[in-house]
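Comments concern the structure below.
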Amino acid sequence: MLEMKVLGDLQVFRDGNQAVLPPSRKTRALLGYLALSGRVHWREQLCDLFWEVPDDPRGSLRWSLSKIRSLVNEPGHTRLITDRQTVGLQLETAEVDYLIARACVDDEHAATPDLAFGATLFRGPLLADVDLSEQADFHSWLLGWREDARQLHAKILRQLTDQLSPDEAALNYARELVHIDPLSESAWATLITILTEIGRGGEAKQQYEAALRKLREVGGGSGALLRAWRMGQEPVARSAEAAPAAKASPASIIVLPLANLSNDPEQQYFADGITGNLTTDLSRIPDLLVISRNTAFTYRNNPFGTKQIGRDLGVRYLLEGEVQRLGNQIRVTAQLIDAETDTHLWADRFVGDSEDLFVLQDEITSQIATALDMELVEAEAARQIERPDTRDYIFRGRAVRLKPPSRQNRDEAIALFEQALSLDAGSAAAQSWLAIALTARVLDFMSPTAQADIARAEPLATAAVLKQPRSPLAHFAEAQVLRAQHRYAEAATEYEAVIALNRNWAHAYSHLGWCQFMTGLIDELIPAQEQAIRLSPRDPQIGLFYCRIGSAHLLQSRIEEAVVWYEKARNATPAHPQFRTFLAACYALLGDAGRASAELAQARRLVNDERYASLAGVRAITCWGDPKICAMAEQTYFAGLSKAGLPGEDTNGTARHSWS
C-alpha cells in the first residue's frame with residue numbers, strides 16, 4: 001500500500017513504513033507536482049518548470065524519474081507512466097492525504113469523526129520542504145496550491161464548529177480556524193460565539209479586542225464579528241436595568257474635516273476637497289442622512305469628543321481621518337466611529353499616485369464611499385431593534401446580499417425585502433431592492449422559478465422608477481430586469497443612468513460592460529470590470545468581476561489567461577455553478593479532462609437539477625446576445641463543454657426550452 005503525505009513536509013509510506021526520500025529538493029518537488037496535478041505532462045514542460053538549461057534539464061529529469069519510479073512503483077502497480085514525450089503519475093491505488101481531505105469536504109453528509117480525521121491530516125503548509133523560489137513558475141504553482149490547501153483546512157474546521165455543540169472540542173477547532181485564517185471575520189465571530197456560550201466571557205472580550213486589531217488591517221470588524229459580540233452581550237443587558245429599546249431611526253453620519261498631515265499648510269485645500277466630495281458621495285446612498293458640509297466644518301479642530309458631537313447633531317456615525325500628500329502620492333486614512341459608544345467600527349488606508357491630483361482625489365473619494373456603503377449596511381443590520389420597520393428590513397436584506405452569492409443567501413435576502421415591502425407597500429426602496437434580489441437569483445442561475453421571479457420583479461422596478469425617477473437605486477432595479485430579459489441595449493441605457501446619478505456604483509460599471517459585450521462591443525468588457533474592481537476591491541461579489549474578465553479571454557481563445565480569472569472567480573464565489581462550467585470548458589480545451597470533469601460535477605451538484613446534463617440544456621439557460629458573440633461562445637465555451645464530456649442532447653434525446 002502506497003501513501004503520500006503532502007500536507008506538510010513531503011512523506012511517502014510503503015506498507016506503513018516511511019520511505020527514505022531523495023535528497024534532491026527538485027526531485028521531491030517533481031514528485032509532489034505529479035501527484036497533485038493528476039494529469040500527464042510533456043517532458044519539455046517539466047524541464048522548463050524545474051531546471052535551467054546549464055543543468056542539462058532532460059538528463060536531470062531522467063535521473064529524478066528514476067528515483068521516483070523506485071519510490072512509487074510496486075509489484076503489480078506501475079504508477080509512474082512514461083514514454084519519450086510524456087510523464088504521468090497514476091495514484092488510483094494509492095492514498096494521498098490532500099485528496100482524502102478534499103473528499104471530506106465534497107461529501108455533503110460527512111460525519112463529524114470523518115471531518116475530525118480530515119483536520120488531523122494538516123501538518124503544515126503544503127509541500128513545506130520543497131520551496132524552489134528560484135524556479136518562478138513552479139513557485140507560483142506551489143503558492144496557489146498552498147492557498148487551496150489552507151482554504152480546504154479552513155472549510156473542514158468550519159464544518160466541525162458548525163456540527164459540534166459548543167464545548168472544548170469545538171473551541172479547539174475554532175482557535176485553529178482563527179490561527180490559519182486570521183483575516184476571516186466569520187472565523188473570529190465563531191470563536192467569540194463559542195467562548196460566550198460556554199461561559200468564558202472574559203476571554204471572549206479579549207479575543208474580540210484582538211480580532212478588532214487584526215481585522216482593521218483589512219477594513220473588517222463591523223459585520224459578523226460585531227453581531228457575534230453584541231449577541232453575546234444580550235443576556236448581560238437583559239439581566240441589568242434595561243434601557244428603553246432602540247427605536248428605528250434613519251442611519252445618519254457626519255464627515256468631519258479630514259486633517260492635513262502634509263508639511264505644507266497650503267495643502268489643506270486638498271484635504272477639504274476630499275471631505276466635501278465624501279459628503280456629496282455619501283448623500284447618494286439610499287436611506288442615509290448626511291450632515292451638511294457647512295455644519296461639519298464648524299467642528300474643525302474642536303475639543304469635543306465623538307459622543308458629544310453625536311448628541312449635538314443626533315447622528316449615529318462619524319467619519320474622521322487624515323490626508324497626507326508627498327509629491328504626487330496621496331495617502332488617506334479613514335475611520336468609521338459609532339457615536340453612541342465611541343467604538344471604531346472600520347478603518348482603512350487608501351493610497352494613490354497620479355500627476356493629476358484632482359483625478360486622484362475623485363478616485364480615492366469613490367473608493368472610500370463604496371467601502372463605507374458596505375460597512376454602514378453591516379453596522380445597521382447588526383443593530384438590535386425591538387420593532388423593525390421597512391428601513392431595518394432593507395438594511396438586513398442588503399447585509400445578506402453582501403455575502404458571496406448562494407441559493408440560501410439569495411432566498412434569505414428576498415424574504416427580508418418581502419418583509420420590508422409588506423410593512424410599506426408604497427416604498428420605492430423596498431420595491432427596488434426586492435426587484436434587484438429577484439433578478440439576481442435569476443441571473444446567478446439560482447432560481448427554481450426564473451420566469452415567475454422576472455414577472456414579479458418587472459412591475460416593482462417600473463413602479464419604483466415612476467415614483468422616484470432620479471433614484472439610482474430604482475434605475476438599477478430596472479436595468480437588472482432588462483438584463484434578465486436579455487434586453488441588453490436597453491439595460492445598458494439604464495446602467496448609464498445609474499452611473500450618472502451615482503458614480504460609485506461598482507456593479508453598474510460591471511453590468512454595463514457586460515451588456516455592451518453582449519451587443520458586440522467586445523473591447524468594453526475588461527475595462528468595465530477593472531473599474532468595478534478599483535471602486536470595490538473587497539466586494540463580496542468580486543467573483544463576478546473576475547468571471548467576466550475570464551469570459552473576455554475565453555471567447556477570444558486566450559484559454560490560459562481565462563483559467564487564471566475563472567479560478568479567482570470560483571475561489572471567491574464557490575457556490576456559483578456557472579463559474580465552474582466556464583472552468584470545466586477551459587480545462588477541457590487545455591487537455592485536463594480530470595479537472596474539467598470535477599468542475600462539471602460540482603456545477604451539477606450546486607444546481608441539483610438537469611440543466612448541466614447536456615449542451616442543449618446549457619444553451620437553454622444561457623444567452624450570448626450578438627450573433628458574433630454567440631459564434632465565439634460556440635467555438636470556445638460550448639466546444640470546451642463538449643470536450644469535457646457533455647452530450648449534445650438531454651438523456652431523453654430532446655433539448656429543453658429556455659426560460660428566457
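The values are calculated or read from the model by the stated rules, or taken from the named source; none is laboratory data. The structure displayed is predicted, hence computed values, not measured ones. So basically every Cβ, Gly included, is an ideal-geometry build from the backbone, and we count neighbours across all protein chains shown. Remember, those area values only see protein heavy atoms, side chains included, never the ligands or the DNA or RNA. Shrake-Rupley method; radii C 1.70, N 1.55, O 1.52, S 1.80 Å.
Accessible area per residue was computed with a 1.4 Å probe on protein heavy atoms; S642 scores about 60 Å². Accessible surface calculations at 1.4 Å, restricted to protein heavy atoms, place region 58-133 at 52 Å² per residue. With the convex hull of its Cα atoms as the shape, region 499-560 has an orientation-averaged projected area of 4.2 nm². With a Förster radius of 56 Å applied to the beta-carbon distance between K67 and T341, the computed FRET efficiency rounds to 0.30. Taking the C-alpha atoms only, the angle from helix 472-484 to the longest principal axis of the chain is near 30 degrees.
When shorter helices are ignored and each DSSP H run of at least 4 residues is given -39500 (n - 2.57), the per-residue value for the chain at 222 nm works out to -18500 deg cm²/dmol.
Counting only lysines at least 8 places from K155 when in the same chain, those with an alpha carbon closer than 23 Å to its own are K5, K214, K403, K568.
Computing FRET efficiency as 1/(1 + (r/R0)^6) for A128 and S642, where r is the C-beta to C-beta distance and R0 is 51 Å, gives about 0.80. If the segment from Q45 to A169 were pulled out straight at 0.36 nm per residue, it would be longer than the present Cα-Cα gap by 40.0 nm.
Under 8 Å for C-alpha pairs, at least 6 residues apart: give me the relative contact order for the chain, rounded to a whole percent. Mind dumping the intermediate values first?
Working: 1070 pairs, mean separation 45.6, N = 660.
This gives 7 percent for the chain.
Phi angles across region 450-466 convert, under the Karplus curve 6.51 cos²θ - 1.76 cosθ + 1.60 with θ = phi - 60°, into 3J(HN,Hα) values of 4, 4, 5, 5, 5, 4, 6, 6, 4, x, 5, 5, 4, 5, 5, 5, 5 Hz, Gly and Pro given as x.
Got a sec? What order do E599, E634 fall in by accessible area at 1.4 Å, biggest, i.e. largest, first?
So the residues, ranked largest to smallest area, are E634, E599.
Converting phi to 3J(HN,Hα) with the Karplus coefficients 6.51, -1.76 and 1.60 and the offset θ = phi - 60°, region 486-503 yields 6, 9, 5, 5, 5, 5, 4, 4, 5, 5, 4, 5, 4, 5, 5, 8, 8, 5 Hz in sequence order, with x at every glycine or proline.
By its C-alpha gyration tensor, with a ≥ b ≥ c as the square roots of the eigenvalues, how is region 97-148 shaped: rounded for a/c under 1.5, else prolate for a/b larger than b/c, else oblate? Here region 97-148 falls in the prolate category. In this simple spin-label approximation, E203 and Q85 carry label points 7 Å from Cα along the Cα→Cβ vector, and these lie 6.1 nm apart.
Residues in region 436-583 average 35 Å² of solvent-accessible surface per residue, probe 1.4 Å, ligands and nucleic acids excluded.
Restriction of the trypsin sites (Lys or Arg not before Pro) in region 548-582 to DSSP coil positions whose beta-carbon has at most 12 other beta-carbons within 10 angstrom yields no sites. Give the angle, between 0 and 90 degrees and rounded to the nearest 10, that separates the Cα long axis of helix 506-518 from the longest principal axis of the Cα atoms of the chain. Roughly 60 degrees, rounded to the nearest 10. What a 1.4 Å probe finds exposed on region 521-660 is 52% carbon and sulfur by accessible area, rounded to a whole percent. Quick one: grab the alpha carbon gyration tensor of region 460-566, order the square roots of its eigenvalues as a ≥ b ≥ c, and give me rounded if a/c is under 1.5, else prolate or oblate depending on whether a/b is larger than b/c. Prolate, since a/c reaches 1.5 and a/b exceeds b/c. To the nearest 0.05, how large is the calculated FRET efficiency for R213 and D609 if R₀ is 30 Å and r is the Cβ-Cβ distance? Result of the calculation: an efficiency of 0.05.
Listed values for region 121-132 are Karplus-derived 3J(HN,Hα) couplings in whole Hz (6.51 cos²θ - 1.76 cosθ + 1.60, θ = phi - 60°), namely 6, 7, 9, x, x, 4, 6, 4, 9, 10, 4, 10, and x replaces Gly and Pro.
The angle between the Cα long axis of helix 525-535 and the longest principal axis of the Cα atoms of the chain comes to about 60 degrees, rounded to the nearest 10. Backbone amide hydrogens, once placed in the peptide plane, bring L126 within less than 5 Å of G8, excluding anything fewer than 5 places away on its chain.
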